[in-house]
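Below is one structure, written out as structure tokens, with a few remarks after it.
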Amino acid sequence: MILGSHEIPDPVVFLAPMAGVSDRPFRMLCRVLGASAAVSEMVTSDARLWHTAKSRHRLDHRGEPGPRIVQLLGNDPDALARAARENVARGADIIDLNLGCPAKKVCSRAAGSALLADEALVERLLRALKGAVSVPVTLKMRLGLDRGHVNAVHIARLAEAAGVEMISVHGRTRACGYRGGVDYDAIAAVVAATRIPVLANGDITSPERALAVMAQTGAAGVMIGRGAQGRPWLPGQVRAALAGRPVTPAPRGLALGRLIHDHVLAVHRQYGPEQGLRIARKHIGWYLEHNRPEVDRRPLLALTDASRQLDALAALFLPPSNPPAGGSRGAHGTQREAITQ
């Protein structure tokens, strides 16, 4: 797949944008572990809010490999155009428009998946973005507002005509949220209706599911969201499966312990120890869910000191003879340096 100056080798497996999840440490970890690309958390197009701590962290792409993909949220063509230009000036390689978020606080402002109700406005937004920047513009969307108003094919055709270079389709409607099954046949209809690459998104939780989704949809690749929570190695495993290569098992023992330690340390460094400790809790919960489900997570998640949080993780996942060594190299040296810087 070619997006602007970036060649993304097949098979294509993106990490989806997830508010509060796909921050810089998590994106870099997933990339190191094999994801083709990782889309940022959605950034408001209202630049007046960029001074907030949340926006500053969401706009942070220090050290990230290309392509750096910034997803914008908004419903005003001029504001989106200005935001796109500013993000490109800051190093964005691709601008993505959010038509997929089903959250009430987003949709109540006529943004995210609520925009699917106004096809004419969607077209104006996309043309404004295309006219504002020279980098590729992509789109992430859902199937429609609800099962009675599925218009993904029409939106995709509008996007292609406007010059959008790739579309990611979550196979549920806004009304579905994350409930019910994913309609992969509807994604296949979008693939058949357009000539630009389409990524299939929704409930891709294993290499086997990814293979089935690719066969059913004919998509150019897949986008993995919640399936990667607590399993940042999943996109890399999916890429291996789609390429017909042996799938590397999920890390266990010392490798898993060091990965979790380095990820949480990177979160502490990104946000500072106080906020980082709180943000790390969700990731720790997912790691425990997938790897140590027997552990009572409540004492660990109640810790209020960042150092004690790291010590508790070491006690759970690292044998006493292999404590974490900050910045040490070895078999995992490059990986550890990449995600903790």
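The values are calculated or read from the model by the stated rules, or taken from the named source; none is laboratory data. The model shown is predicted, which means the values in this text are computed figures rather than measured ones. Heads up, the Cβs are rebuilt from the backbone with ideal geometry, glycines too, and the neighbour counts pull from every protein chain shown. Only protein heavy atoms, including side chains, enter the accessible area calculation; ligands, DNA and RNA are left aside. Shrake-Rupley method; radii C 1.70, N 1.55, O 1.52, S 1.80 Å.
Annotations for the structure displayed:
- Among Phe14, Phe317, Phe26, the largest mean-square fluctuation in a Gaussian network model of the chain (Cα springs under 10 Å) belongs to Phe317.
- Over the chain, DSSP H runs of length four or greater, each weighted -39,500 (n - 2.57), average out per residue to a 222 nm ellipticity of -13000 deg cm²/dmol.
- log10 of Debye I(q)/I(0), alpha-carbon scatterers only, for the stretch 133-184 at 0.27, 0.32 Å⁻¹: -1.01, -1.23
- Whole-number accessible area per residue in Å² for the stretch 105-158, which is evaluated in the context of all protein chains at 1.4 Å: 42
- Whole-Hz ³J(HN,Hα) from phi, Karplus 6.51 cos²θ - 1.76 cosθ + 1.60, for the stretch 267-283, glycine and proline x: 5, 4, 6, 5, 10, x, x, 6, 6, x, 4, 5, 5, 5, 4, 5, 5
- Once the chain from Val247 to Arg56 is taken as fully extended at 0.36 nm per residue, the excess over their C-alpha distance is 65.1 nm.
- P(r) weight above 39 Å for the chain, C-alpha pairs, percent: 13
- Leu72 long-range amide H proximity, modeled H, under 5 Å: Val43, Asp96, Leu97, Asn98
- More than 19 angstrom apart: percent of Cα pairs within the stretch 107-228: 45
- Surface/4 estimate of mean projected area, convex hull on alpha-carbon atoms of the stretch 171-320, nm²: 11.1
- Rolling a 1.4 angstrom probe over the protein heavy atoms with all chains in place gives the stretch 170-301 an accessible area of 42 Å² per residue.
- Taking the Cα centre of the stretch 39-109 as reference, the dipole from Cβ charges on Lys and Arg (+1) and Asp and Glu (-1) amounts to some 280 debye.
- Long-range HN-HN contacts of Gly144 with modeled amide H, under 5 Å: Asn151, Arg174
- The slack between Arg195 and Glu7, meaning 0.36 nm per residue of separation minus the straight C-alpha distance, is 65.9 nm.
- Distance from the stretch 243-294 to the stretch 59-125 (C-alpha centre basis), Å: 28
- Under Karplus coefficients 6.51, -1.76 and 1.60, residue-wise ³J(HN,Hα) of the stretch 38-52 in Hz, glycine/proline x: 9, 8, 5, 4, 5, 10, 4, 7, 7, 5, 5, 9, 6, 7, 6
- Over 22 Å [Cα-Cα, the stretch 52-142], rounded percent: 25
- Across the stretch 222-232, coupling constants 3J(HN,Hα) worked out from phi with the 6.51/-1.76/1.60 Karplus curve, θ = phi - 60°, read 10, 10, 10, x, 4, x, 8, 5, x, 9, x Hz, and Gly and Pro carry x.
- Listed by chain and number, the lysines whose alpha-carbon sits under 23 Å from that of Lys105, ignoring those within fewer than 8 places in the same chain, are Lys54, Lys140, Lys282.
- Whole-number percent relative contact order across the chain, with pairs defined as alpha carbons under 8 Å at least 6 apart: 15
- Relative to the 2.2 N^0.38 Å rule of thumb, the stretch 113-155 has a C-alpha radius of gyration ratio of 1.24.
- Percent accessible area from carbon and sulfur atoms, the stretch 223-271, protein chains only, probe 1.4 Å: 52
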